[in-house]
1. Go ahead and set up a Gaussian network model of the chain, Cα springs under 10 Å, then flag whichever of Tyr107, Tyr211, Tyr245 fluctuates most.
2. What whole-number distance in Å separates the alpha-carbon centres of segment 96-144 and segment 49-90?
3. Helix-derived [θ] at 222 nm for the chain: sum -39500 (n - 2.57) over DSSP H runs of at least 4, divide by residue count, nearest 500?
4. With mean projected area of the Cα convex hull in nm² as the read-out, I listed [x] 15.4; [y] 20.6; [z] 17.6; which label goes with the value calculated from this structure?
5. Would you mind checking which residues have amide H under 5 Å from Ser238's amide H? H placed 1.01 Å from N; only 5 or more apart, or other chain.
6. What base-10 log of the normalised intensity I(q)/I(0) is obtained for segment 184-321 from the Debye formula, alpha carbons as equal point scatterers, at q = 0.13, 0.21 Å⁻¹?
7. Where does the longest stretch of the chain lie that holds no trypsin sites (Lys or Arg not before Pro) found in a DSSP loop with 12 or fewer other Cβ atoms within 10 Å?
8. Can you run phi through the Karplus equation (6.51, -1.76, 1.60; θ = phi - 60°) for segment 99-114 and list ³J(HN,Hα) in whole Hz, with x for Gly and Pro?
Amino acid sequence: MRDLSELSPSLSDPYGAEPTPLAQAAEHMLLARQGAQMREPLPRPEATRVVVVANQKGGVGKTTSTVNVAAALAQLGQRVLVVDLDPQGNASTAVAVEHRRGTPSTYDLLVEGRALREVVTRCPDVERLFVVPATIDLAGAEIELVSVVAREQRLHKALHADPRISTEPVEVAGEDRFDFVFIDCPPSLGLLTINALVAGQEMLIPIQAEYYALEGLGQLLSTVDMVRAHLNPDLAISAILVTMYDARTRLAAGVADEVRAHFGDQVLRTYIPRSVRVSEAPSYSQTVMTYDPGSPGAMSYLDAARELAQKGLRPQDGPAS
């Protein structure tokens, strides 16, 4: 990759004056955006990877990690679909797609039985990133699905009925095949999350680097074991991502060490730092990958995305408990 200094002329004064701090910041942003467009693409996987992002504890960076890892992979040449399964619709907000009531959404996919192609929309800011938004209608989906036959299978059937989600390589399935599908779950273990766990092949679990990080994780792993035993024996925990990591504190390092001691190589080497820029990005309807692509948060998500893509599923992924 070329040096960023080669990508754009300097914004300094044409008469030789030093650039102002504002001009320097604008130049940094421009160079970072251009650099993001020139990143070396990753090899596309042999089949579509369906990744469930779940943690019943709220505030751990679940949605933030979903949209930023997805955007990073799209910048690395992958075709990525985000399925927003949280009625709050935060993932939809972060990628700037419409999710007002009445918008074709995951509610229509799950409850109304509409085809995936009818509810997918493109992310306007990131090429190769697609989204199925969530509307407030999804809040009542669990009640409406109670009496439906095979209610836990609704999302699995809807996703795998689409030819762009395929077990075939790109050469067979076509260039428009999705390489990754990320399902952003609500912070609970209800029927929506069960649908996601049945539909997925692998899990990405974000864990906050704070004292209560492991609280509730046992219940999540018990649910995963139940789903494996009765509904989806192929579900594997492929990655655990430590988020909101503050390297200045012993607490963060202690939590990270404890998580790594328990889960071993399933924990990604990349930790996501606590970052104001990452927190600010959704208020501008952006991921940090487009809001400030040169920031430490964006670089960390890019590294985490590379690591996840190269990690794949391993035969040694054993029981969740």
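Nothing in this text is a laboratory measurement; each read-out follows from the coordinates by a stated rule. Just so we're clear, the structure is a prediction, and the values are computed from it rather than from any experiment. Cβ: placed from backbone, ideal geometry, glycine included. Neighbour counts: every protein chain shown.
1. Tyr211
2. The two parts, judged by their Cα centres, are 14 Å apart.
3. On the way: 12 runs with 114 residues, N = 321.
Helix-only estimate at 222 nm: -10000 deg cm²/dmol.
4. Answer label, from the structure shown: [z].
5. Met203
6. Each listed q maps to, in turn, -0.62, -1.36.
7. Answer from the scan: 102-247.
8. 9, 6, 4, x, 6, x, 8, 5, 4, 5, 5, 7, 8, 8, x, 6
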